[in-house]
Amino acid sequence: MQKKYLMTPGPTSVPSEVLLAQARPMVHHRTPDFNKVVRDCVEGLKYVFQTEQSDVLIFAASGTGGMESAVVNCFSAGDKVLVSYNGKFGQRMEQIAKVYGLDTTVLEYGWQQVVDPADIAGFLKENPDTKGVIVTQSETSSGVLNDVEAVGRIVKDYPECVLIVDSITGIGAVDCKTDEWGLDVVMTGSQKGLMLPPGLAAVTVSPKAWKAYERSTLPKYYFDWKKYKKNLEQDTTPFTPAVSLMIGLAEAIKLMREEGIENIIARHARLAEACRKGCEALGLELFAPAEGRGNAVTPVWVPEGIDGKKLVSTMKNKHGVTIAGGQDDYAGRIFRVGHLGYFGDFDIIITLAALEMTLFELGYAFEPGTGIKAAEHVLLGK
Ligand SMILES: Cc1ncc(COP(=O)(O)O)c(C=O)c1O
């Protein structure tokens, strides 16, 4: 038997309380009991998204479904949108916008750069008829955190332009003040900070985004936001919901409320810092730039002379610790440690211990224990 540890940026570990809630016998979704589950999920997600003004809609879909819903509900073919990205997931937004025939301009940054809000401001000044700005808050492929608060301040001045934020690995890991920052549409997926298995997407819709919805003529059926909003008035959903996941979500939200959103974010910041310091103490180089590092995932350069794919597979096969490799151009060149959702101090220690043992076995020269020691210093507050 080998004990297994899931240390990826999604899917992430699920607490036993949530797993047990999901294992209950199936219930019918058109019942008062399930209406309460829907209500608890929506109210709880409003708390997590830090919004009172926006509606929160829940789909049986992965995060990408939430992204696609934002495009089809806010725009019409030919609408001018600006997509700014610095990684694989931001690029997906460009692909979705183009599939639906939007007039898409891209502000593309390197994966080790942060999106510069001044570039967005400049674009909007020259293109005041822009209908949407799309940004990824926490870019999971690169670990870069983009300043969506600053982008919110810019987009606020354009009454017909909505700000769409992919916070799929942001929510529950970094601060995301939906109302205060003027974020019109924010989305997350269940398999991330919400501590659930994959299968749910949650999307916020501000009053400004509802105005965009009224103008939008793109075809929509399953993801038609109005259907969900109308049904929410009766605490129900237009189609059969992912019943077990919703029951699990209500339980996960209970745990999140108990801890408190500020404390959850502070825990993630502390764990991310411990992971970063541990890796640096091993002589490894962090991938994301110092001015924009998120709390959900730590991408690290594979050191010279080490086979990056072997590093990831040795950690998993020999030590039972699953981390993620790099994507696209960075496959085999970086590895990514997730610390998002149901994570505590010793998850970081275990991951660093497995990393040290793997590096040692692969012939990397360092003093075993130095990474763990540095992480412990952070976790002890020293
Ligand atoms: C930032 C970001 N956006 C979008 C996605 C896509 O979500 P999904 O795989 O649930 O469709 C992910 C998944 O990892 C992500 O991290």
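The values are calculated or read from the model by the stated rules, or taken from the named source; none is laboratory data. Everything numeric here is computed off the predicted structure, so don't read it as measured data. Every residue, glycine as well, gets a Cβ built from its backbone with ideal geometry; the counts of neighbours run over all protein chains shown. Accessible surface is based on the protein model in full, side chains and every heavy atom, while ligands, DNA and RNA are left aside. Shrake-Rupley method; radii C 1.70, N 1.55, O 1.52, S 1.80 Å.
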Problem set entry | Out of ASP147, ASP166, sole residue that is within 11 Å of the ligand (Cβ to nearest atom) and out of contact with any Asp or Glu (no Cβ under 8 Å at 6 or more places or on another chain) | ASP166
For this session: Please give the number of the condition ALA288 fails out of (1) assigned to a loop (DSSP other than H, G, I, E, B); (2) assigned by TED's automatic domain parsing to the domain that holds PHE34; (3) under 23 Å from GLY193 (Cβ atoms).
Result: (2)
Problem set entry | Out of GLY278, GLY308, GLY338, sole residue that is under 17 Å from the mean Cα position of the chain (by Cα) and crowded, with 18+ Cβ neighbours inside 10 Å | GLY338
Problem set entry | The lone exception for PRO303 - which of (1) surrounded by fewer than 19 Cβ atoms within 10 Å (Cβ to Cβ); (2) in contact with an Asp or Glu (Cβ under 7 Å, 6 or more places away or on another chain) it fails | (2)
Exercise. Residues in the range 153-184 that are in contact with a helix residue (DSSP H, G or I) (Cβ under 7 Å, 6 or more places away or on another chain), among the hydroxyl-bearing types (Ser, Thr, Tyr) and either closer than 15 Å to SER69 by Cβ or open to solvent by 10 Å² or more (accessible area, probe 1.4 Å) (or both): how many?
Worked result: 1
Exercise. Inside the range 185-205, can you point out the residues that are within 27 Å of ASP79 (Cα to Cα) and open to solvent by 10 Å² or more (accessible area, probe 1.4 Å)?
Worked result: none
For this session: Could you please find all residues in the range 15-34 being open to solvent by 70 Å² or more (accessible area, probe 1.4 Å) and of a type outside the set (Gly, Ala, Ser)?
Result: GLU17, LEU19, LEU20, ARG24, PRO25, MET26, HIS28, ARG30, PRO32, ASP33
Seminar exercise, completed: Of the listed residues (TYR85, TYR109, TYR158), the one being farther than 21 Å from TYR330 by Cβ, more than 14 Å from the chain's Cα centre (by Cα) and of a type in the set (Phe, Trp, Tyr) is TYR158
Problem set entry | Residue check for SER142: out of contact with any Phe, Trp or Tyr (no Cβ under 6 Å at 6 or more places or on another chain), open to solvent by less than 10 Å² (accessible area, probe 1.4 Å) and within 12 Å of the ligand (Cβ to nearest atom) | no
Problem set entry | Yes/no for GLY152 being assigned by TED's automatic domain parsing to the domain that holds LYS98, outside any loop (DSSP other than H, G, I, E, B) and in contact with a Gly (Cβ under 6 Å, 6 or more places away or on another chain) | yes
Problem set entry | Yes/no for GLY44 being open to solvent by 10 Å² or more (accessible area, probe 1.4 Å), more than 16 Å from the ligand (Cβ to nearest atom) and in the same structural domain as ALA201 (by TED's automatic domain parsing) | no
For this session: Considering every residue within the range 50-67, establish whether at least one is within 16 Å of the ligand (Cβ to nearest atom), open to solvent by 40 Å² or more (accessible area, probe 1.4 Å) and assigned to a loop (DSSP other than H, G, I, E, B).
Result: yes
For this session: Using the structure shown, decide if VAL135 is assigned by TED's automatic domain parsing to the domain that holds GLN50 and in a strand (DSSP E or B).
Result: yes
Seminar exercise, completed: When GLU160 is run through (1) within 16 Å of the ligand (Cβ to nearest atom); (2) part of a loop (DSSP other than H, G, I, E, B); (3) over 24 Å from GLU259 (Cα atoms), the failure sits at (1)
Exercise. Out of curiosity, is VAL99 within 16 Å of the ligand (Cβ to nearest atom), in the same structural domain as ALA70 (by TED's automatic domain parsing), open to solvent by 30 Å² or more (accessible area, probe 1.4 Å) and over 19 Å from PHE49 (Cα atoms)?
Worked result: yes
Exercise. Looking at the range 190-212, is at least one residue without any contact (Cβ under 8 Å) to a residue 60 or more places away in the chain and within 16 Å of the ligand (Cβ to nearest atom)?
Worked result: yes
Seminar exercise, completed: Out of (1) open to solvent by 10 Å² or more (accessible area, probe 1.4 Å); (2) under 21 Å from VAL203 (Cβ atoms); (3) outside any loop (DSSP other than H, G, I, E, B); (4) in contact with an Asp or Glu (Cβ under 9 Å, 6 or more places away or on another chain), the one VAL72 does not meet is (1)
Exercise. Can you find even one residue in the range 103-110 that is open to solvent by 30 Å² or more (accessible area, probe 1.4 Å), away from the ligand (no atom under 16 Å from the Cβ) and of a type in the set (Val, Ile, Thr)?
Worked result: yes
Exercise. Within the range 186-272, which helices (runs of 4 or more DSSP H) (wholly inside it) include 1 or more residues that are in contact with a helix residue (DSSP H, G or I) (Cβ under 6 Å, 6 or more places away or on another chain) and under 17 Å from GLY44 (Cα atoms)?
Worked result: 243-259
